[in-house]
Amino acid sequence: MDPEKLLDSIVDEAVQKLGLAILALDRDSYKEMLKPIVEGILEQYSSRPSKDAVISKMQGALNNVYMMASAYLLEKLNRLTPEQLEFVATYGGPVAARYISRLYREALRSNRTDLLPILRSLWEQYGRPTPIPCPRCGFRAVTPDLECMVCGYVLSEREAKEAIDFEYRLAELVEFYSASDVLDAIDKGIVLVGETIKPPSAPREPTDIVLHLSRSEKEKLRRLLEERKASYAGGSSARRV
């Protein structure tokens with residue numbers, strides 16, 4: 001059973017029935033793209049299957065076919081057409097997430113900013129989202145060095161704080177941690193930003209970001225601690241009465 005001969009006999013029909021014509025590739029490229037898929041199908045048969053059976057198998061596994069087609073486009077082409085870019089963004093899944101920085105640049109170059117929400121969703125689902133969104137591109141891709149993995153923008157600490165409404169979220173530290181942990185953060189002048197705001201003594205995740213506390217932020221933490229203490233004291237008095 002020669003995969004090459006079978007592939008050559010079905011490639012044109014397969015491209016049409018699988019909806020791959022939109023990619024506007026030449027015939028040899030389509031053959032190269034579909035070859036591993038056809039070989040995988042042939043391994044399931046002990047005798048040569050019909051052309052219709054092979055195409056039907058591919059139609060039944062369309063998501064995998066589209067993901068492999070997306071991988072082919074990203075690996076073989078230096079630049080994507082707007083149609084190819086939309087195809088990869090829509091069907092590439094985890095494959096597309098690995099190339100998110102390139103796809104972001106391609107979307108800007110092609111003036112396909114309508115695809116950016118799709119790319120952000122891919123990153124959230126299959127990529128490595130971090131606690132802080134980048135103010136330039138909107139992806140949650142800011143590293144502990146305050147550099148965005150997607151667009152390369154380097155944030156100031158002020159920008160990082162603004163991106164997560166830092167002043168408001170300082171209450172998380174007082175809500176979830178002990179007074180000694182909060183005082184430790186005030187004393188050292190830093191907090192860790194992960195899914196929540198954490199004291200410096202908390203276990204550190206690889207994506208956690210260290211932010212320095214300003215004088216006013218330290219004062220806010222002290223005030224929140226006093227309010228919590230007063231609230232606890234008031235609750236205790238009420239129970240005694």
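In a residue-by-residue description of segment 156-178, the property of being under 21 Å from Ala107 (Cα atoms) and touching a Cys at 6+ places or on another chain (Cβ under 8 Å) applies to no position.
Tally up the residues in segment 94-103 that are open to solvent by 20 Å² or more (accessible area, probe 1.4 Å) and in a helix (DSSP H, G or I), please. Of the residues in segment 94-103, 4 are open to solvent by 20 Å² or more (accessible area, probe 1.4 Å) and in a helix (DSSP H, G or I). Of all residue pairs spaced 6 or more apart or on separate chains, those with beta-carbon atoms under 7 Å, a first member in segment 13-41 that is touching a residue at least 12 places away in the same chain (Cβ under 8 Å) and a second member that is open to solvent by 30 Å² or more (accessible area, probe 1.4 Å) and polar (S, T, N, Q) are Lys17/Gln59; Leu18/Gln59; Ala24/Thr81.
Under the condition of being assigned to a loop (DSSP other than H, G, I, E, B) and in contact with a helix residue (DSSP H, G or I) (Cβ under 9 Å, 6 or more places away or on another chain), which residue from segment 3-47 is most open to solvent (accessible area, probe 1.4 Å)? Only one residue tops the list, namely Gln44.
With a requirement of 3 or more residues that are under 25 Å from Leu116 (Cβ atoms), the helices (runs of 4 or more DSSP H) lying completely within segment 138-241 that satisfy it span 157-163. If the condition is being open to solvent by less than 30 Å² (accessible area, probe 1.4 Å) and either in contact with a His (Cβ under 7 Å, 6 or more places away or on another chain) or closer than 17 Å to Ser110 by Cβ (or both), then segment 48-93 contributes Ser70, Leu73, Leu74, Leu80, Gln84, Leu85, Phe87, Val88, Ala89, Gly92. Residues of segment 168-224 being among the hydrophobic types (A, V, I, L, M, F, W, C), touching a strand residue (DSSP E or B) at 6+ places or on another chain (Cβ under 6 Å) and free of Cβ contacts under 8 Å to residues at least 24 places away in the same chain, which ones? Correct list: Ile190, Val191, Leu192.
The values are calculated or read from the model by the stated rules, or taken from the named source; none is laboratory data. Everything numeric in this text was worked out from a predicted model, so none of it was measured. All Cβ positions, glycine included, derive from the backbone under ideal geometry; neighbour counts span all protein chains shown. In case anyone asks, the SASA skips ligands and DNA or RNA and just uses the protein heavy atoms, side chains included. Shrake-Rupley method; radii C 1.70, N 1.55, O 1.52, S 1.80 Å.
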